[in-house]
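First comes the structure, then the notes that go with it.
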Amino acid sequence: MFFFRKHRNVLLSSQGFTLIELMVVMVILGILAGLIVPRIMDRPEEARRTKAAIQIQSIEQALKLYKLDNGQYPTTEQGLQALVEPPAVGRLAKNWRQGGYLDKGRVPKDPWGNDFIYISPGLHGDFDLMSYGADGEPGGEGKDADINNWELE
C-alpha cells in the first residue's frame, strides 16, 4: 500500500514540462535541423548528376552497338537521333537495327531537361558526349559543372 501512495504522489507532482525544459528541447531541435537540413538539400542535385552520368554511359553503349552494326558512329549532323531512327543524312546506316538502339524509342533528356551534346568525331575520343549540368551552359563548377563521357570511369 505504501508503494502505491508513493507513486501516486509522484504522478500528482509532475504535471508537465517547465518553460526551461521546453526551451532546451527547442534549441536541441534547432541545432539538429541546422546540421541535417543542408546535407539533405544537396542530395537531389547529387542524384541528378549521378543520373546524368548513368544516362551518358547508357547512350555510350547504344553508340557502340550502332558502330558494331554499321561500322561507324553517327556523325554530329546525324546526332543521337540516329539511335532511334535510321539516319536520313550523311552516310546511311545499312544494318540499322529494327527498333533502334535506345529503350523507349526516344533520346533521353538530361536530368535538367536539356539535350545531351554529341560530337563525332570527338576531341577526346571517337565521340564526345556531355551534359552541361544544372545551368545548361558550357563550363561551370559544382552543380553547374559539365558531365563528360571522357571523364567518367
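None of the figures in this text is laboratory data; all of them are computed from the coordinates on show. Since the structure is predicted, the reported quantities are computational estimates derived from the model, not experimental observations. Cβ coordinates were reconstructed from backbone atoms using ideal geometry, including for glycine residues, and neighbour counts include every protein chain displayed.
Between Q98 and V84, the simple spin-label model (points 7 angstrom out along Cα→Cβ) gives 2.1 nm.
Simple point charges give the picture: +1 on the Cβ of Lys and Arg, -1 on the Cβ of Asp and Glu, and for the chain a dipole about the Cα centre of about 1140 debye. Each Lys or Arg adds one and each Asp or Glu subtracts one; over the other residues with Cβ under 9 Å from the Cβ of A134, this totals 0.
Using a Förster distance of 35 angstrom, determine the FRET efficiency expected from the C-beta separation of T50 and T76, and round it to 0.05. Computed FRET efficiency for T50 and T76: 0.85. For K143, the aspartates and glutamates whose Cα falls under 14 Å of its own Cα, not counting residues fewer than eight places away in the same chain, are D42, E45, E46, D110, D135. Think of the chain as having a plus end and a minus end, set by charges on the Cβ of Lys, Arg, Asp and Glu; of V27, N148, P74, V27 sits farthest toward the positive end of this dipole.
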